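Colleague: Handing you a structure now.
The values are calculated or read from the model by the stated rules, or taken from the named source; none is laboratory data. In this text the structure is predicted, and so the values were computed from the model without any measurement. Because the Cβ atoms are built from the backbone with ideal geometry, glycine has one as well, and the counts that use them run over all protein chains shown.
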Amino acid sequence: MKKVLLAQSIYAPAIELLEQHAEVVLIKEGNMDEFKKHLSDAYAVIIGTSIKFTKELIDMASNLKVISRTGVGVDNIDVATATERGIYVLNTPGVNSLSVAEHTVMLICALAKHVIFLDDEVRNHRYGSRRLYLPIDLQGKKLGLIGCGRIGRMVAEKCMRAFDMEVIGYDPLISAVPESIQLVDSIEEVFTDADFISLHVPFTENTRNLVDNRLLSLMKSSAFLINTSRGGIVDETVLASKLKEKKIAGAALDVFSKEPPDPSSELLNLPNVILTPHTAALTQECTARVAMEAAKGVVDLIQNKIPKFIYNKEGVL
Ligand code: NAD
């Protein structure tokens, strides 16, 4: 029987599906020694974002035919080397968009309404501070999207329908977007004009540190940055200093350049930033959906069928 290696536990019915077709080896998340031990004869691996599937790991996996990601971003996989070796890289585009969009909208609301701060005030018997630091309304505020793909569009739709927000977006790789978004020609326009700037681009060599000192300096002092895409897209050191100096109003981050972030990261000690541990897609429903898709792709290949989502299709088919 072919061996399928799970880098962490996933939705039980997805494991049951795999067990009907393969020997499944479940590794405790983070146990790299155990993971590496099983790599040499693994036919497939199913991974989240916590493992970096580097050339070094690919070199250890001489029987590997498929790397299946329970999510959309493949920036933690050396896709070029995998493709060279004829290894399928599968992901689950669109399957987690809704959950990430909802999480993004939640962060926008939490920033606007000062929910973390106010909760803390009540718990610490500072009820009188309710008039000291007033929240803002979302109606009529401008949302600026960087990246207008699946998640960006859903965020736009929800913010427009629920809050009557105006939405502008920058995405040089597409020419048409739904009516809810007004496409603009420059990224600078988004950073200068928007009240909430939300990032929805993949992490690539072109987007590494895309949000740097120059762009952050364009933001209004009343504006907020939301990042639910990937940590490396924002220069976190510059962001922390802008937040500290109150050059921008606040930020909400679900992703970090290093996960988990270093305990010494300044971001952890700033009151005007809301942090979540890369959980935008980790809802009960979404973890079930992506696990089933990731498992189905592996089963398809075991059965000599073509999986629905092959990220490196051009290189392996
Ligand atoms: P998508 O491919 O549908 O959309 C990405 C968009 O970014 C595309 O329209 C593309 O044209 C655009 N783009 C690429 N480079 C750009 C640039 N330099 N400037 C502006 N636009 C650019 O992807 P998606 O499904 O919307 O997901 C977006 C990203 O969100 C993923 O790549 C992933 O890293 C991240 N994500 C995070 C989580 C999480 O748990 N926080 C979950 C899912 C996805």
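Colleague: Where in the stretch 57-157 are there strands (runs of 3 or more DSSP E), lying fully within it, with 1 or more residues that are in the same structural domain as Met292 (by TED's automatic domain parsing), within 16 Å of the ligand (Cβ to nearest atom) and over 29 Å from Met219 (Cα atoms)?
Modeller: In the stretch 57-157, 66-69, 88-90 are the strands (runs of 3 or more DSSP E) which contain 1 or more residues that are in the same structural domain as Met292 (by TED's automatic domain parsing), within 16 Å of the ligand (Cβ to nearest atom) and over 29 Å from Met219 (Cα atoms).
Colleague: In the stretch 179-199, how many are of a type in the set (A, V, I, L, M) and either in a loop (DSSP other than H, G, I, E, B) or touching a Pro at 6+ places or on another chain (Cβ under 7 Å) (or both)?
Modeller: Within the stretch 179-199, residues that are of a type in the set (A, V, I, L, M) and either in a loop (DSSP other than H, G, I, E, B) or touching a Pro at 6+ places or on another chain (Cβ under 7 Å) (or both) number 3.
Colleague: Mind checking which residues of the stretch 158-183 are within 14 Å of the ligand (Cβ to nearest atom) and under 23 Å from the mean Cα position of the chain (by Cα)?
Modeller: Lys158, Ile168, Gly169, Tyr170, Asp171, Pro172, Leu173, Ile174, Val177, Pro178, Ile181, Leu183
Colleague: Can you tell me which condition Leu143 does not meet? The list is (1) out of contact with any helix residue (DSSP H, G or I) (no Cβ under 7 Å at 6 or more places or on another chain); (2) over 22 Å from Val95 (Cβ atoms), and all the others hold.
Modeller: All conditions are met except number (1).
Colleague: Next question. For the stretch 258-317: of the residues being within 13 Å of the ligand (Cβ to nearest atom) and of a type in the set (S, T, N, Q), which is nearest to Asn91 (Cα to Cα)?
Modeller: Among residues in the stretch 258-317 that are within 13 Å of the ligand (Cβ to nearest atom) and of a type in the set (S, T, N, Q), the one nearest to Asn91 (Cα to Cα) is Thr287.
Colleague: Which members of the stretch 145-159 meet the condition of being over 18 Å from Arg230 (Cβ atoms) and in contact with a strand residue (DSSP E or B) (Cβ under 7 Å, 6 or more places away or on another chain)?
Modeller: Matches in the stretch 145-159: Ala156, Cys159.
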